[in-house]
Amino acid sequence: MADPTHPNVGFTPSNPEKTPIPPPPPTFVASPGFPPPTLHLQKDQASSRSIKTPNVLSPANGATTGSPVPHMSTPPGPPVFSSPVRPAAVPFRTSPASPQPLAFSAGSSLPTSSLPPQFSNGSFGLPHQVSDSTEDNAPVGESSFVLFSAHKVLKQKKQANVPSLGFGALVSPGREVSMGPQVMQRDPHRCQSCGAYANIYCNILLGSGQWQCVICRKLNGSEAEYIAHSKEDLRRFPELSSSIFAYVQTGNKRPGFVPVSDSRMSAPVVLVIDESLDEPHLHHLQSSLHAFVDSLLPTTRLGIVLYGRTVSVYDFSEDSIASADVLPGDKSPSQESLKALIYGTGIYLSPMHASLAVAHSIFSSLRPYKLNIPEASRDRCLGVAVEVALAIIQGPSVDLSRGVVKRSGGNSRIIVCAGGPNTYGPGSVPHSFSHPNYPYMEKTAIKWMENLGHEAHRHNTIIDILCAGTCPVRVPILHPLAKASGGVLVLHDDFGEAFGVNLQRASARSAGSHGLLELRTSDDILITQVVGPGEESHVDTHETFKNDTALYIQMPSVEETQSFSLSLETRGDIKSDFVFFQFAIQYSNVYQTDVSRVITVRLPTVDSTSGYLESVQDEVAAVLIAKRTLLRAKNHSDAIDMRETIDERIKDIALKFGSQLPKSKLHSFPRELSLLPELLFHLRRGPLLGSIIGHEDERSVLRNLFLNASFDLSLRMVAPRCLMHREGGTFEELPAYDLAMQSDAAVVLDHGTDVFIWLGAELAADEGRSAAALAACRTLAEELTEFRFPAPRILAFKEGSSQARYFVSRLIPAHKDPPYEQEARFLQLRTLSSEQRTKLKSSFVHFDDPSYCEWMRSLKVVPPQPS
């Protein structure tokens, strides 16, 4: 395993032919190239569900048209506002036309050929009675389970494997964890050779019912199920009529399980609360806790544990007073003390319908820290408190309303509310970094916390750590605890609004357990890197499937807002017309049903480089590049090096796929990728790689969040989305340029983990207009982030205020460009009068940061014209 202080687990697959690529060096040199990466996995998650918008695939990409395409999740589209939205006056692709990721789901349609695929590379030919179970109009999906960086694959290995652009996919195995696509309650048909599932692209021998595997091309029997008179008869099988389907097994094998209508009702939530807080922080925390318990379902079982120098476990059997059992925090609790606690008379987990008033009284009884000791030096036995919380979840707890013993049905949650580092008891570190033994104690603490996280995972318990305040919490020590259990670690400025929202969303989000992701590809395709919330699992399937070369990934939790990024290469020149990808995820959902979901994708291969470039999805490609880059940016020094790799990527893409201008050393960037360089420029100067974030704890948390985030949140973290408020309550989407800072306007900037509301000075001077604009912007910000986890902080400020620097630093300084360049890329300028433009120009403070166009030209690359 890699250094546990970092969230990335690197591994080499067990099949040497599958990934013969050596690990990359720790950092790039001054003029970095692009060595092929190795496989990396990271067990941390973060999430976001973006606004659902229409997404129409272009006929040029092989998709059929004619009927309305269902909604699917893609962040670039316009939000579902409470008021109408004006069309974006932007020169680049936005909203419905951008991007056009391939979405594979039940009821959706993939481009297919009316002719059966041609089998080559030594495979056998099938007789004429073989039926292709797909037609031109295959079903198209609502949810983006799989997004590829391009809709086509280049046949030539040399061109296809250009590392600066790369080819890959984002896989979201936990989409629709609670609902799912077409579902079958029977055993699947699987290839006896490689283990792949029968699917919509298989060729079927109608007379015998045999089917040909699309991965290894071997024939398999179907126990006569697939015998049919015509291919239309095969449509009754969901796996042969949809590119995504699921098998379920409803029997529960866990002893002592009591079925309920929603397993989340029986899965408890335990709050582990830091009691070493000063009065202002405690006041905010109490408000958030009161709102939290009011938001819980009546059947949700809650436990409350406080920690400082000791651990206090609150007893819900006392109605009139806040009563707690106290355990020492200097060492792990003994089995005897835990047994006395669990089998005693106290009730430590109780449903809200019976104990809401008691919970409120407990929170009201909390008192601020009294001793005159700095925040960082206070004793906090966080590790022991989590051990105790885990014990009361696992031990039999008396249900207050029925008096019967129950065990939790789904994933339990421990939510830690921390205001400082763990400095007492097991898993702790000294108060001071100058302690002579600090490096060794830190290493020991990290390992102890990681083991505790694994123990929680074995007991189906997820640990989320929500930190707040100004005291550094020592992220390297706490993060392994959350990561190993399948939880997240989030930093907040205080225990106020954003903290309270995240507290509620942490407990309410659905999560599957016992996740196992299987990745299979055609022999032509090689998986070179995986980044996401899991680790490689060595599953021995050779007794069942003799030639199974799948890559297996174990997931601590399966959540809708996670994703894996795959880097793909071709092994050699491709001769076939299509390549195939199959993704299978096995997990237990929130209702304790065992689910096997299968997604099969077929992409056409092309000889034409221009045809390939036209199929590239700029935003998906940018997110994949960003994840590969951030994987190596483990600290601030690495981040500076990674900025140089972005520069090298741009130059290399222009050299390999662009054209050289006549009588010049300049290369033009390919017009087909017009959005990509601007997205990478945002990445280079934004919080992920830039200098916006100063503290290493913040940078580490943001990096961990990004590496596991869904496409929706990842894209917003790379490049912000800018929306200007208009009269009448409408919003206009604009490029994220500083030219949007117009004094008579209000602007919303969504940057994933932060949403900023900026009020121009002229607008702010008019109290009535500014109040209406601020309310509309606030409503918009809440709608944009309604399902996002972690919930972003929402900051509002006026032009010229000190906080406005957060907003300005994330916008491209396009005011430095000549007027013709500004108008070409920011069309809204054309609507301004000469007086307004003069006023706008005079409002800017000049500094050294280059504009997007200046940066591109400094690389000897001509920026592409907006499409």
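Can you confirm whether segment 702-715 contains a residue that is basic (Lys, Arg) and crowded, with 24+ Cβ neighbours inside 10 Å? Yes, segment 702-715 has at least one match. Number of residues in segment 760-787 that are of a type outside the set (Val, Ile, Thr), open to solvent by less than 10 Å² (accessible area, probe 1.4 Å) and not in a helix (DSSP H, G or I) equals 1. Of the helices (runs of 4 or more DSSP H) lying entirely inside segment 262-367, those carrying at least 3 residues that are within 22 Å of residue 495 (Cα to Cα) and touching a residue at least 12 places away in the same chain (Cβ under 8 Å) are 279-295, 352-364.
When residues in segment 133-161 are screened for being modelled with pLDDT of 75 or more, open to solvent by 10 Å² or more (accessible area, probe 1.4 Å) and of a type in the set (A, V, I, L, M, F, W, C), 1 of them pass.
Residues that are closer than 9 Å to residue 347 by Cβ and open to solvent by 10 Å² or more (accessible area, probe 1.4 Å) were ranked within segment 305-317; the one that is nearest to the chain's Cα centre (by Cα) is 315. Across segment 172-219, the qualifying residues are those that are open to solvent by less than 30 Å² (accessible area, probe 1.4 Å), among the aliphatic types (A, V, I, L, M) and assigned to a strand (DSSP E or B), and the one among them that is modelled with the lowest pLDDT is 184.
Close Cβ contacts (under 8 Å, 6 or more residues apart or on different chains) running from residues in segment 844-866 that are closer than 26 Å to residue 742 by Cβ to residues that are open to solvent by 80 Å² or more (accessible area, probe 1.4 Å) comprise 863/857; 865/671. Got a number for residues in segment 232-250 being open to solvent by 10 Å² or more (accessible area, probe 1.4 Å), modelled with pLDDT under 90, farther than 9 Å from residue 597 by Cα and outside any helix (DSSP H, G or I)? Number satisfying all stated conditions: 3.
Reported count of residues in segment 573-598, each being in a loop (DSSP other than H, G, I, E, B), on the phi < 0 side of the Ramachandran plot and in contact with a Lys or Arg (Cβ under 8 Å, 6 or more places away or on another chain), is 4.
I'd like to know if segment 849-863 contains one or more residues that are open to solvent by 50 Å² or more (accessible area, probe 1.4 Å), at pLDDT 90 or above, basic (Lys, Arg) and in a loop (DSSP other than H, G, I, E, B). Checked against the condition, which is being open to solvent by 50 Å² or more (accessible area, probe 1.4 Å), at pLDDT 90 or above, basic (Lys, Arg) and in a loop (DSSP other than H, G, I, E, B), segment 849-863 yields at least one hit.
Quick check on segment 599-613: of everything there that is farther than 20 Å from residue 147 by Cβ and out of contact with any Lys or Arg (no Cβ under 7 Å at 6 or more places or on another chain), which residue is least open to solvent (accessible area, probe 1.4 Å)? If we take residues in segment 599-613 being farther than 20 Å from residue 147 by Cβ and out of contact with any Lys or Arg (no Cβ under 7 Å at 6 or more places or on another chain), then 609 is least open to solvent (accessible area, probe 1.4 Å).
So that you can scan it fast, the table gives a plain yes or no per residue for (1) more than 22 Å from residue 165 (Cβ to Cβ); (2) in contact with a Ser or Thr (Cβ under 9 Å, 6 or more places away or on another chain):
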{"site": "679", "(1), (2)": "no, no"}
{"site": "694", "(1), (2)": "yes, no"}
{"site": "707", "(1), (2)": "no, yes"}
{"site": "713", "(1), (2)": "yes, yes"}
{"site": "727", "(1), (2)": "yes, no"}
{"site": "745", "(1), (2)": "yes, no"}
{"site": "748", "(1), (2)": "yes, no"}
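Scanning segment 780-787 for residues that are closer than 25 Å to residue 715 by Cβ, polar (S, T, N, Q) and in contact (Cβ under 8 Å) with a residue 24 or more places away in the chain turns up at least one hit. Taken as a whole, the condition of being assigned to a strand (DSSP E or B) and not β-branched (Val, Ile, Thr) does not apply to residue 507. Restricting segment 443-470 to residues that are outside any strand (DSSP E or B) and among the charged types (D, E, K, R) leaves a set whose member that is nearest to residue 511 (Cα to Cα) is 458. Here residue 655 clears all of (1) part of a helix (DSSP H, G or I); (2) surrounded by 19 or more Cβ atoms within 10 Å (Cβ to Cβ); (3) among the aliphatic types (A, V, I, L, M) except the condition numbered (2).
Of everything in segment 405-461 that is surrounded by fewer than 21 Cβ atoms within 10 Å (Cβ to Cβ) and touching a strand residue (DSSP E or B) at 6+ places or on another chain (Cβ under 8 Å), the residue that is modelled with the lowest pLDDT is 405.
The values are calculated or read from the model by the stated rules, or taken from the named source; none is laboratory data. Because the structure is predicted, anything quoted here is derived from the model rather than measured. FYI the Cβ positions are ideal-geometry reconstructions off the backbone, even for glycines, and counts take in every protein chain you see. Side chains are part of the model used for accessible areas, which takes the heavy atoms of the whole protein and leaves out ligands, DNA and RNA. Shrake-Rupley method; radii C 1.70, N 1.55, O 1.52, S 1.80 Å.
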